[in-house]
Structure formats: C-alpha cells, structure tokens
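Chemist: Quick one: the structure is below, questions incoming.
The values are calculated or read from the model by the stated rules, or taken from the named source; none is laboratory data. All values reported here derive from a predicted model rather than from experimental measurement. No Cβ is skipped: glycine too gets one built from the backbone with ideal geometry, and neighbour counts run over all protein chains shown.
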Amino acid sequence: MVKKDPLKFAKRHPKQQEAHESMKPIRALFWGNRVGKTEWGAMEVVEVLLGTHPFIAQGDIWSFCPSYDEQKDTTQKKLLQYIPEGMIDEAKSTWVRKGIYKEIHLKTGQKVTFKSYEQGREKAQGAGKTMIWFDEEPSKEIFEECFVRQEAGVDLFIIMTMTPVKGMTWVYDDIYLNTKNPDIFVSTAGWDDNPHLEKKQKAQMERGLSAQALKVRRDGKFVKMVGLVCSWFNRDIHVIDMKEIPEGETYMGIDFGFSAPCACLWVRIDREFNWWIFEGFYRKGLITPEIAKLIRQKEGRIPRVTRIADSAQAADIEQLNDSGIVIEGVSKTTGTTKENWDQYRARLMETQGRVQELTGKPKVFISKDLTDLNSEGIPYNFLVKEIENLRWEEVKTSAGIEQKPVWGKQPNHAVDALTYIMTTIDEPTEHKEQVEEKGELTTMAEQMDKLWD
C-alpha cells in the first residue's frame, strides 16, 4: 500500500510544512544537517512530477547537486522513496553510469534531469523548466544561468536546500539577507526543529564539533570563518614526550616534493582510535632513492606499515613501488560530505583533534621529537608549525566570496601527508570488532556520512 503511494503516508514536520505552503517562486532552506531539507525537496519534486502539488503545475524539472555521486546518495535516493512503485519508465530513463540516473522518466511523460555543479554553467543553459532544485549551495554563475533563462509564459519555481558549510558566500548576501525581495522565502531550522531526531543522536553529532561548527551544522547558521583552521590545537595538550607508543596499526602518509619539501609522517592508531604521530621527515631536494632510503631507516623495526600518498603523484608512487616500498594512492574526493577537499580535511582534523567532551581527553598526540632542520639548520617540529599557521581566509571565486583554508599560502605538506591518511583509512581491527558488536558502521568516513546524511 505504501509503495503504491508513498507521499500519502509521508508526514512533514512543522518547518517542512511551512516551506511547503509558501507560494513564493524562490524558496531557500538554510537548515542544519539531519533536519530534513533534502527529504522536503524530494517531496516537492515528486508532487510536481505526479501533478499533485497544490500550486505548481507539472513540467520538466532539473535537480542539481555538487556531484553525480552525491545525486546517487542523496537526491536520487530520496526521490526513489517517494515515486510510486512501477511509475518509472526504465526504457526511457538514462544513466550517467551504473546506479546513477541522468534522467528519470515517468510513464506519465514527466521527467527529472540530474545535473552536477562540476559540469559548470554551460550545462545550466536551457529554458522551459517548471522547477529547479539546488541541493547544497551552487555557484552564483550556475544559479544566475538558470534564473535568467526563464521562458515567457512558463512559471519557474526554484527550491534550494542547503547547510551553509561554506560560510558567508554570495548566498548569504543575495538570498538570505535579501528580505525586501517579495519573490524569496527563507527558512532557517536546526536539530530541535526535527521532532524525529532523538536526544541520543544529537549528542552523538555534537561530539568533536567546535562552537563555530555547531552553529553551522546544528543550527544551520551562516558563520564567517576566520582565524585558525585548527583552533582546537594546543601545544600543552597535543605535543607530548612519546617514550612509548601503544599497540595498534601503523600508517605512513607522504606528500612528495623536490623544490618544495617532501613530507612524510608515521602514525600509530591504537584500539581506542587515538592517533600517535611519532616519526617523520620534512626535506627539500630529495630524489626517489634518497626518499626510499629514509623510509627504510625510519621503518627499521616496524613490522607492518600501510603507506598512503596523493594518487595524482603517480610517477613518484610508481618509482617507490618499483623499489619495493608499496604505497597506495588516495583520490581527492569528499564522498557525500558536500564540502570541497580542503573544507572536508579541515573538518576531519577538527573531529579527530579536539579534546573529547565525554572523556576530557585528546585523541591526537604529536611527538615533541617530530623534528627536522629548517633553512638555518635549526631543528623544529614541522607538523606543529604548519598546524599553527593554517588559517581561513576570504577568497574571490567565480561563485563570489568564499571562506576557505589557506592551504596554498603557507607550507602545508605535513598537513597533506596527515590528511591523506585521515581520508582513507579504516579504523584499526580491534576497534572495528568493538564497533561491529554494537551494530555500527566501521570506518570513519562511513560514520561521518551516516551522521551528516
């Protein structure tokens, strides 16, 4: 019964109902994570497709997302929950690749076309659309390209469902603050506005988030990101005399360089998922045989190491693999986190780095002996220096003003090496077994995707 008419059994919470009833051409939802913004967007789109929307006529629909992978995991997944069973015309529907629709055609003749922000403004050209759905923040040029191509005699409705993780960008000025525009409906909502979120879930999501991150992800607030990216970092807490290292799995992250330093870090991850950064080097002018020699020296008595590098540095990886030092490549992707690569890594470092509220203890430890020589021949802790210098800045882009980490304006090679590990590893086997006993997901990335979906 439910599969034949899913929308009949769907219930909107008060904030969703308020947005549903607004008849303004542009409806923008600036909601925190897990408040139901994508759910709401999917219900709106399906009602238009089926001709059951209270004030929007049937017609062609575009659905935008940061990437096609995210379309699969977010918007398409939600839409498929609400489209009645047997209604999709699979013969006419098309695919980007297996598992990801390019177009969904209904047997009634209606269709929704999926597009990615990665395609750029050219793919946003076209007229005669009834509804355009932007899930997460588009660039200003893509938004304007869609908006100015409204066809005469065809009403265009735009819905935007996003968490303002990029800070005070063009959306903040042009939509959120544009209260005098009678065509714009703005809705803000946080975790407390979703009656389906349990107290236990809220507490779980709050762990490891700074006050600033909570404003964005819990409350859906726009926050100007300024100052240190790693504001959680404290030398007195995180830098220690590492005489003994707990048992666990060892990982090595490397960021290759010649004119710039080659940075290499060794990290032990114990059964409690604490990170012990105990060894490394940071040097310019190293050729591959010299790098290989240093790695062998550093790994002398370590029985097993998983090594990770940027897959874009394929030639360097291949040379070390040929010398017997096996290295895995990591692609610079954010999965379904809806952030760019650097924002995603900044959040990973904060999630792992901050002192845990429940225990009052840190999760990341850096050896005070993690040093190499600077240009003057003086030993210094190169990872600490990079962490302490990593800052947010305002950057002009084609999308307007964005706040982002200043990865490129100061040395960040050691941070790169560390975050290559952070974005790819599974939790240690002992920790996996504990987690699996509780029926939870086993990898850091999977846990984060579950929380922020």
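Chemist: Can you name every one of the helices (runs of 4 or more DSSP H) wholly within the range 378-438 that holds 2 or more residues which are surrounded by fewer than 20 Cβ atoms within 10 Å (Cβ to Cβ) and at pLDDT 60 or above? First the steps, then the outcome.
Modeler: Working: elements: 382-389, 413-422, 429-437.
Here the list reads 382-389.
Chemist: Go through the range 275-311 and count every residue that is of a type in the set (K, R) and in contact (Cβ under 8 Å) with a residue 40 or more places away in the chain. Even if it seems obvious, please write down each step before you answer.
Modeler: Kept after step one, since they are of a type in the set (K, R), are these residues of the range 275-311: 283-284, 293, 296, 298, 301, 304, 307.
Those left that are additionally in contact (Cβ under 8 Å) with a residue 40 or more places away in the chain: 283, 304, 307.
Here the count works out to 3.
Chemist: Does E198 satisfy the criteria of being among the acidic types (D, E) and at pLDDT 85 or above? Spell out how you get there, then give the answer.
Modeler: Working: among the acidic types (D, E): yes; at pLDDT 85 or above: yes.
For E198, the condition - among the acidic types (D, E) and at pLDDT 85 or above - is met.
Chemist: Do the conditions hold for K37, that is, is it touching a strand residue (DSSP E or B) at 6+ places or on another chain (Cβ under 6 Å), of a type in the set (D, E, K, R), within 17 Å of N194 (Cβ to Cβ) and surrounded by 15 or more Cβ atoms within 10 Å (Cβ to Cβ)? Walk me through it before giving the result.
Modeler: Numbers: touching a strand residue (DSSP E or B) at 6+ places or on another chain (Cβ under 6 Å): yes; of a type in the set (D, E, K, R): yes; within 17 Å of N194 (Cβ to Cβ): yes; surrounded by 15 or more Cβ atoms within 10 Å (Cβ to Cβ): yes.
For K37, the condition - touching a strand residue (DSSP E or B) at 6+ places or on another chain (Cβ under 6 Å), of a type in the set (D, E, K, R), within 17 Å of N194 (Cβ to Cβ) and surrounded by 15 or more Cβ atoms within 10 Å (Cβ to Cβ) - is met.
Chemist: Given the options M160, M205, name the one that is touching a Leu at 6+ places or on another chain (Cβ under 6 Å) and buried (at least 16 other Cβ atoms within 10 Å of the Cβ).
Modeler: Details: M160 fails: touching a Leu at 6+ places or on another chain (Cβ under 6 Å).
Going through M160, M205 in turn, the sole match is M205.
Chemist: Right, next: Restricting attention to the range 1-21, and to residues there that are part of a loop (DSSP other than H, G, I, E, B) and among the hydrophobic types (A, V, I, L, M, F, W, C), which single residue is farthest from the chain's Cα centre (by Cα)? Explain how you work it out, then say what you get.
Modeler: Just the residues of the range 1-21 that are part of a loop (DSSP other than H, G, I, E, B), to begin with: 1-5, 10-13.
Then keep just the ones that are among the hydrophobic types (A, V, I, L, M, F, W, C); that gives 1-2, 10.
On the way: M1: 36, V2: 33, A10: 28 Å.
If we take residues in the range 1-21 being part of a loop (DSSP other than H, G, I, E, B) and among the hydrophobic types (A, V, I, L, M, F, W, C), then M1 is farthest from the chain's Cα centre (by Cα).
Chemist: Under the condition of being part of a loop (DSSP other than H, G, I, E, B) and charged (D, E, K, R), which residue from the range 327-346 is modelled with the lowest pLDDT? Lay out the reasoning, then the answer.
Modeler: Looking only at the range 327-346, we keep the residues that are part of a loop (DSSP other than H, G, I, E, B), and these are 327, 331-340.
Applying the additional criterion that residues be charged (D, E, K, R) yields 332, 338-339.
On the way: K332: 74, K338: 55, E339: 64.
Looking at the filtered set, the residue picked out is K338.
Chemist: Between I277, I254, I302, I295, which is among the β-branched types (V, I, T), part of a loop (DSSP other than H, G, I, E, B) and either touching a strand residue (DSSP E or B) at 6+ places or on another chain (Cβ under 9 Å) or over 30 Å from E376 (Cβ atoms) (or both)? Don't jump to the end; show me each part of the working.
Modeler: Working: I277 fails: part of a loop (DSSP other than H, G, I, E, B); I254 fails: part of a loop (DSSP other than H, G, I, E, B); I295 fails: part of a loop (DSSP other than H, G, I, E, B).
After applying the criteria, what remains is I302.
Chemist: Considering (1) closer than 26 Å to I378 by Cα; (2) in contact with a strand residue (DSSP E or B) (Cβ under 6 Å, 6 or more places away or on another chain); (3) among the β-branched types (V, I, T), say which one I287 fails and leave the rest.
Modeler: Unmet condition: (2).
Chemist: Would you confirm, using the coordinates I've provided, whether K72 is in contact (Cβ under 8 Å) with a residue 12 or more places away in the chain, surrounded by 15 or more Cβ atoms within 10 Å (Cβ to Cβ) and within 27 Å of D173 (Cα to Cα)?
Modeler: no
Chemist: Tell me the strands (runs of 3 or more DSSP E) entirely within the range 87-157 that contain at least 1 residues that are out of contact with any helix residue (DSSP H, G or I) (no Cβ under 9 Å at 6 or more places or on another chain).
Modeler: Working: elements: 94-97, 100-105, 111-116, 131-135.
The strands (runs of 3 or more DSSP E) meeting that bar are 94-97, 100-105, 111-116.
For (1) closer than 16 Å to K8 by Cα; (2) under 27 Å from the mean Cα position of the chain (by Cα), each residue gets a yes or a no:
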position	(1), (2)
E47	yes, no
H53	yes, no
D73	no, yes
K77	no, yes
L80	yes, yes
E85	yes, no
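Chemist: Whether any residue in the range 26-33 is surrounded by 24 or more Cβ atoms within 10 Å (Cβ to Cβ), modelled with pLDDT under 95 and over 18 Å from I184 (Cβ atoms) is what I want to check.
Modeler: Yes, the range 26-33 contains a residue that is surrounded by 24 or more Cβ atoms within 10 Å (Cβ to Cβ), modelled with pLDDT under 95 and over 18 Å from I184 (Cβ atoms).
Chemist: Only one of these conditions is not met by E70: (1) part of a strand (DSSP E or B); (2) within 30 Å of D192 (Cα to Cα); (3) among the acidic types (D, E). Which number is it?
Modeler: Here E70 clears every test but (1).
Chemist: Which of the numbered conditions does I104 fail, given that it passes all the others? Conditions: (1) surrounded by 21 or more Cβ atoms within 10 Å (Cβ to Cβ); (2) among the β-branched types (V, I, T); (3) within 15 Å of S116 (Cβ to Cβ).
Modeler: (3)
Chemist: Tell me yes or no: at least one residue of the range 297-305 is closer than 14 Å to T419 by Cα and either modelled with pLDDT under 95 or not hydroxyl-bearing (S, T, Y) (or both).
Modeler: The answer is no; no qualifying residue exists.
Chemist: Just name the residue that is nearest to the chain's Cα centre (by Cα) out of those in the range 182-196 that are surrounded by fewer than 14 Cβ atoms within 10 Å (Cβ to Cβ) and outside any helix (DSSP H, G or I). Before you say what the answer is, go through the steps one by one.
Modeler: Filtering the range 182-196 down to residues surrounded by fewer than 14 Cβ atoms within 10 Å (Cβ to Cβ) leaves 182-183, 192, 195-196.
Checking which are outside any helix (DSSP H, G or I) leaves us with 182-183, 195-196.
Numbers: P182: 33, D183: 31, P195: 25, H196: 23 Å.
Looking at residues that are surrounded by fewer than 14 Cβ atoms within 10 Å (Cβ to Cβ) and outside any helix (DSSP H, G or I), I get H196.
Chemist: Working only within the range 168-181, note down all residues that are part of a loop (DSSP other than H, G, I, E, B) and buried (at least 20 other Cβ atoms within 10 Å of the Cβ). Can you show your working first?
Modeler: Quick first cut of the range 168-181, residues part of a loop (DSSP other than H, G, I, E, B) only: 168-169, 177-181.
Scanning the range 168-181 gives a single hit, T169.
Chemist: Here is a follow-up. Which residue, of E244, E272, is assigned to a loop (DSSP other than H, G, I, E, B), without any contact (Cβ under 8 Å) to a residue 12 or more places away in the chain and among the charged types (D, E, K, R)? Before the answer, list the steps.
Modeler: Numbers: E272 fails: without any contact (Cβ under 8 Å) to a residue 12 or more places away in the chain.
Exactly one of E244, E272 is assigned to a loop (DSSP other than H, G, I, E, B), without any contact (Cβ under 8 Å) to a residue 12 or more places away in the chain and among the charged types (D, E, K, R), namely E244.
Chemist: Here's another thing I want to ask about it. K221 is checked against (1) within 30 Å of R34 (Cα to Cα); (2) assigned to a helix (DSSP H, G or I); (3) touching a helix residue (DSSP H, G or I) at 6+ places or on another chain (Cβ under 7 Å) and fails just one. What number does that condition carry?
Modeler: Unmet for K221, out of (1) within 30 Å of R34 (Cα to Cα); (2) assigned to a helix (DSSP H, G or I); (3) touching a helix residue (DSSP H, G or I) at 6+ places or on another chain (Cβ under 7 Å): (2).
Chemist: Suppose the filter is within 26 Å of L197 (Cβ to Cβ) and either in a helix (DSSP H, G or I) or modelled with pLDDT of 90 or more (or both); does A57 pass it?
Modeler: Numbers: within 26 Å of L197 (Cβ to Cβ): no; either in a helix (DSSP H, G or I) or modelled with pLDDT of 90 or more (or both): yes.
No; evaluated as a whole, the condition is false for this residue.
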